[in-house]
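A single structure is presented below for examination.
The values are calculated or read from the model by the stated rules, or taken from the named source; none is laboratory data. Computed from a prediction, not measured in an experiment: that's the story for all the values here. Note that we place each Cβ from the backbone using ideal geometry, even for glycine, and neighbour counts take in every protein chain shown. Ligands, DNA and RNA are stripped out before the accessible areas are found, and what is left, the full protein with its side chains, is counted by its heavy atoms. Shrake-Rupley method; radii C 1.70, N 1.55, O 1.52, S 1.80 Å.
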Amino acid sequence: MPVLEIDATDPRVLGDPFGVYGEAREAGPLARLVVPGMRSLWVVTRHEGARAMLGDPRFELRADSFQRPPLGPEVEPYLHTMAEKDGPEHTRLRRLVAPAFSARRAEAVRGRVERIVERLAAELPDPADLVADFARPLPMEVICELIGIPEADRADWRTHGAAVAAGFGAQFMAAIPAIIEGAKSAVARRRAEPADDVLSDLIQVNDDDRLTDTELVTLVWHLVLAGQTPTNLIANAVETLLAHPDQLALLRETPTLMPTAVEELTRWCSPQLLTTPRYTREPVDFFGTTIPADEPVTASIAAANHDPRAFPATLDITRPPAQHLAYAHGPHYCLGAPLARVQTELALSALLRHHPNLSLAGIPHRAPDPGTWRLSTLPVTLG
């Protein structure tokens, strides 16, 4: 079967990634993403294939899978997060960290997250930019709460979070050393003064093989980086609901649908368009095509989560939770998924409750990001 090529410079890849990757999916289970000046990537386009690839040890994560910002040696050791480790090292870290990010732990902090959400929702100006005024500040507020950042220091962390959420650039680069230094202080503080937060849980792991200070600081950086997912998911979800008034009305009428609605919205408008590239350890026969060894392979979440072989073509917030791939699959399934779900549920619930007449006040603008489907602005009026 011929393999369709996707030109990464095609404006449609940025403007309509669901359409472009959807066309590739219907053309075949594999495509090629051609990126000028870089190696072309194999793209797995269908749900069945994406799940298979993400759980197959023949496809490995390695250093080449990640673009690491060029920072000095004092910062570099803290940038190697758990996401880029594979095999026994990844298994060890995940075993130590998993209890602090379980669904049970996420529910335990629901009340603290809810207080943050309620304050942000109540303080929204009218009109508002829902990205800048609500969705972007929320994850960093939650992270500060979870790792015990003193109130006096939170203004700086909010600034750093906004820079990270805005994507790569000068502000992003400048924020990283400051976040690392703040993480070092947070770890030292919680070693001296344990409290009821995630960082204290991690420090006090009852295990002979504990996390080192470097691993703890790296984990905080990973939290800040990955913790921006709710920013984009919340904004995407609100835009999607406003574009589907029947689903929005149903959710307003039946708030108990919120957990199911969040899963369906996460499938429908997941911020992550492509998974982190894996590399083939050996030649792999995949859906009738042999992928040579040492080839980069990614899965199109945008295509897989809309694959008609796995999901109906419509948005339906009453649909039971499906096995979508917004949080990946396999050994690297996102540990922060339970917390992201809690934040998104509470955020949408608060917005609908506080602002029953919420509506668009202008044209939303999207950031030109080939890997992430994210809004840079979402102008709304509260009514």
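I'd like to know if the stretch 286-301 contains one or more residues that are of a type in the set (S, T, N, Q), farther than 21 Å from A27 by Cβ and touching a residue at least 24 places away in the same chain (Cβ under 8 Å). Write out each step before concluding.
Here is the first cut: in the stretch 286-301, the ones of a type in the set (S, T, N, Q) are 289-290, 298, 300.
From the residues that got through so far, the ones that are farther than 21 Å from A27 by Cβ too are none.
The answer is no, given that none of the residues of the stretch 286-301 is of a type in the set (S, T, N, Q), farther than 21 Å from A27 by Cβ and touching a residue at least 24 places away in the same chain (Cβ under 8 Å).
Can you pull out every residue in the stretch 185-240 that is charged (D, E, K, R) and open to solvent by less than 40 Å² (accessible area, probe 1.4 Å)?
The answer is R190, D197.
Considering the stretch 264-311 alone, what residues qualify as being farther than 30 Å from E345 by Cβ, outside any strand (DSSP E or B) and of a type in the set (D, E)? So that I can check it myself, show each step before the final result.
At the first step, the residues of the stretch 264-311 found to be farther than 30 Å from E345 by Cβ are 277-297.
Next, from what is left, pick out any that are outside any strand (DSSP E or B): 277, 281-283, 287-288, 292-295.
Matches in the stretch 264-311: E282, D294, E295.
Quickly run through the stretch 153-170 and pick out the residues that are closer than 18 Å to L375 by Cβ and either open to solvent by 70 Å² or more (accessible area, probe 1.4 Å) or assigned to a helix (DSSP H, G or I) (or both). So that I can check it myself, show each step before the final result.
Taking the stretch 153-170 as the starting set, the residues that turn out to be closer than 18 Å to L375 by Cβ are 161-169.
G161, A162, A163, V164, A165, F168 - these are the residues of the stretch 153-170 that are closer than 18 Å to L375 by Cβ and either open to solvent by 70 Å² or more (accessible area, probe 1.4 Å) or assigned to a helix (DSSP H, G or I) (or both).
Continuing with the same structure: Scan the stretch 321-354 residue by residue and report those that are buried (at least 18 other Cβ atoms within 10 Å of the Cβ) and either of a type in the set (V, I, T) or not in a helix (DSSP H, G or I) (or both).
Scanning the stretch 321-354 gives H324, L325, A326, Y327, A328, H329, L335, G336, V342, T344.
Does A24 meet the test of being part of a helix (DSSP H, G or I), of a type in the set (G, A, S), surrounded by 14 or more Cβ atoms within 10 Å (Cβ to Cβ) and under 20 Å from the mean Cα position of the chain (by Cα)?
On the way: part of a helix (DSSP H, G or I): yes; of a type in the set (G, A, S): yes; surrounded by 14 or more Cβ atoms within 10 Å (Cβ to Cβ): yes; under 20 Å from the mean Cα position of the chain (by Cα): no.
No, not satisfied.
Turning to a different aspect of this structure: Residues in the stretch 53-86 that are out of contact with any helix residue (DSSP H, G or I) (no Cβ under 9 Å at 6 or more places or on another chain) and either free of Cβ contacts under 8 Å to residues at least 24 places away in the same chain or polar (S, T, N, Q) (or both): how many? Walk me through how you get there before you give the answer.
The initial filter retains those residues of the stretch 53-86 that are out of contact with any helix residue (DSSP H, G or I) (no Cβ under 9 Å at 6 or more places or on another chain), namely 58, 64, 67, 73, 76.
Narrowing the set further to residues that are either free of Cβ contacts under 8 Å to residues at least 24 places away in the same chain or polar (S, T, N, Q) (or both) leaves 67, 73, 76.
Final tally of qualifying residues: 3.
If you don't mind, another one. Any residue at all in the stretch 69-76 that's touching a Lys or Arg at 6+ places or on another chain (Cβ under 6 Å) and β-branched (V, I, T)? Even if it seems obvious, please write down each step before you answer.
Narrowing the stretch 69-76 to residues touching a Lys or Arg at 6+ places or on another chain (Cβ under 6 Å): none.
No, the stretch 69-76 contains no residue that is touching a Lys or Arg at 6+ places or on another chain (Cβ under 6 Å) and β-branched (V, I, T).
A follow-up question, please. Please determine whether any residue of the stretch 57-70 is touching a His at 6+ places or on another chain (Cβ under 8 Å) and among the polar types (S, T, N, Q).
Within the stretch 57-70, none of the residues are touching a His at 6+ places or on another chain (Cβ under 8 Å) and among the polar types (S, T, N, Q).
Name the residues in the stretch 352-383 that are under 18 Å from P125 (Cα atoms) and within 19 Å of the chain's Cα centre (by Cα), would you?
S376, T377, L378
If the requirement is being small (G, A, S), open to solvent by less than 20 Å² (accessible area, probe 1.4 Å) and within 17 Å of the chain's Cα centre (by Cα), which of these qualifies: A100, A135, A121?
Details: A100 fails: within 17 Å of the chain's Cα centre (by Cα); A121 fails: within 17 Å of the chain's Cα centre (by Cα).
A135 is the lone residue from the list that is small (G, A, S), open to solvent by less than 20 Å² (accessible area, probe 1.4 Å) and within 17 Å of the chain's Cα centre (by Cα).
Tell me, which residue of the stretch 189-211 that is assigned to a loop (DSSP other than H, G, I, E, B) and among the charged types (D, E, K, R) is modelled with the highest pLDDT? Even if it seems obvious, please write down each step before you answer.
So the first thing to find is which residues in the stretch 189-211 are assigned to a loop (DSSP other than H, G, I, E, B), and the list is 193-197, 204-211.
Now restrict to residues that are among the charged types (D, E, K, R): 193, 196-197, 207-210.
Numbers: E193: 89, D196: 85, D197: 85, D207: 65, D208: 67, D209: 76, R210: 83.
Restricting to residues being assigned to a loop (DSSP other than H, G, I, E, B) and among the charged types (D, E, K, R), the top hit is E193.
Does the stretch 88-136 hold any residues that are of a type outside the set (A, V, I, L, M), in a helix (DSSP H, G or I) and either more than 28 Å from R210 (Cα to Cα) or touching a strand residue (DSSP E or B) at 6+ places or on another chain (Cβ under 8 Å) (or both), and which are they?
So the first thing to find is which residues in the stretch 88-136 are of a type outside the set (A, V, I, L, M), and the list is 88-92, 94-95, 99, 101-102, 104-105, 107, 110-112, 114-115, 118-119, 123, 125-127, 129, 133-134, 136.
Restricting the remaining residues to those that are in a helix (DSSP H, G or I) gives 88-92, 94-95, 99, 101, 104-105, 107, 110-112, 114-115, 118-119, 133-134.
Result: G111, E114, R115, E118, R119, D133, F134.
Test M53 against the criterion of being under 24 Å from L225 (Cβ atoms), outside any strand (DSSP E or B) and open to solvent by 10 Å² or more (accessible area, probe 1.4 Å), and give yes or no. Full working, then the answer.
Details: under 24 Å from L225 (Cβ atoms): yes; outside any strand (DSSP E or B): yes; open to solvent by 10 Å² or more (accessible area, probe 1.4 Å): no.
Against the criterion (under 24 Å from L225 (Cβ atoms), outside any strand (DSSP E or B) and open to solvent by 10 Å² or more (accessible area, probe 1.4 Å)), M53 does not qualify.
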